[in-house]
Amino acid sequence: MKRIFSHVRLLKPVIPMLALTLCISSCKEEKKTETAATEPATTIEKPAALPTVHPISHATAVLEWDGTTIYIDPVGEASAFDAYPAPDLILVTDIHGDHFSPETLSALDTGSARLIVPEAVAKQMRNPLAEKAEILPNGSETEAFGLTVTAIPMYNLREEALDFHAKGRGNGYVLEKDGTRVYFSGDTEDIPEMRNLEAIDMAFVCMNLPFTMTVESAADAVLDFAPRQVYPYHYRGRPDVSDVNRFGEMVRAGNPDIEVVQLDWYPGEAY
Ligand SMILES: [Zn+2]
């Protein structure tokens, strides 16, 4: 295993982000006025590209982003990934079987992949996976395939749930490319590090008891950091507890500008 981060830092300071946003908005505004005064616009500003997301199951996904293929928490039958290119980048969030499977990783074509994991996951690997693993601790970042990968804490807050996910062990991740930011929560409750996220375009947020949080907590946190899109995932559990429809209603009622996107995370199951 290798330690890949060059420095530890906290989340981005809010003020410089705001200043940058204001500067970008005002610059865009000026440019628009200028163009309108001289000649008709011939091009439409292209929004930053979002990755294409393929849900595999529960917490497992494949992202295709500008030619880079990213596997998030690959577990289960390797054949579930047959339809997708081999991974360039693999991110694992935590040690539990619904996020980390040495068997699945060994069965996949990881020959040219980078494998980014928390230390607790690396410690459970044997070679050749162990020597491939790159450790990224909470709050650190690294570059991979033109993406900045930042490890975000993930942990439980409720007294009775503290043992499920101890603070510091697992990683949520923010992936950033050309200003587009994608967040995978991993298994967590509505922690301040989630609520303080800035400028997230796509947010994948878990919700199930007893392991993570209620749909109410998830919706409340999402309304706080207000991503452009939110994708409920990791909601396997009692439907009366993990009611994703209710999550969507609460988010839309609180902020209709947030798009709630429901993907099929449990193919063949009644969710
Ligand atoms: Zn989980």
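Out of 149, 182, one residue alone is under 22 Å from residue 52 (Cα atoms), of a type outside the set (Asp, Glu), assigned to a strand (DSSP E or B) and out of contact with any Pro (no Cβ under 9 Å at 6 or more places or on another chain). It is 149.
Results for (1) in contact with a strand residue (DSSP E or B) (Cβ under 9 Å, 6 or more places away or on another chain); (2) assigned to a helix (DSSP H, G or I); (3) on the phi > 0 side of the Ramachandran plot; (4) not hydroxyl-bearing (Ser, Thr, Tyr), shown as yes or no for each residue.
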| residue | (1), (2), (3), (4) |
| --- | --- |
| 130 | no, yes, no, yes |
| 143 | yes, no, no, yes |
| 153 | yes, no, no, yes |
| 156 | no, no, no, yes |
| 167 | yes, no, no, yes |
| 174 | yes, no, no, yes |
| 193 | yes, yes, no, yes |
| 200 | yes, no, no, yes |
| 209 | no, no, no, yes |
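What about residue 184, is it crowded, with 20+ Cβ neighbours inside 10 Å and either away from the ligand (no atom under 14 Å from the Cβ) or more than 16 Å from residue 258 (Cβ to Cβ) (or both)? For residue 184, the condition - crowded, with 20+ Cβ neighbours inside 10 Å and either away from the ligand (no atom under 14 Å from the Cβ) or more than 16 Å from residue 258 (Cβ to Cβ) (or both) - is met. Among the residues of segment 149-179, write down those that are under 12 Å from the mean Cα position of the chain (by Cα) and within 17 Å of residue 89 (Cα to Cα). Residues satisfying the conditions are 149, 150, 151, 171, 172, 173, 174, 175, 176. Taken over segment 229-270, the residue count meeting the criterion of being surrounded by fewer than 16 Cβ atoms within 10 Å (Cβ to Cβ) and assigned to a loop (DSSP other than H, G, I, E, B) is 16.
For segment 51-87, a residue qualifies if it is buried (at least 19 other Cβ atoms within 10 Å of the Cβ), more than 16 Å from the ligand (Cβ to nearest atom) and in a loop (DSSP other than H, G, I, E, B), and the qualifying residues are 51, 87. Of all the numbered requirements in (1) at negative phi; (2) within 10 Å of the chain's Cα centre (by Cα), residue 186 misses one, and that requirement is (1).
No lab work stands behind these numbers, since they all come straight from the coordinates. In this text the structure is predicted, and so the values were computed from the model without any measurement. No Cβ is skipped: glycine too gets one built from the backbone with ideal geometry, and neighbour counts run over all protein chains shown.
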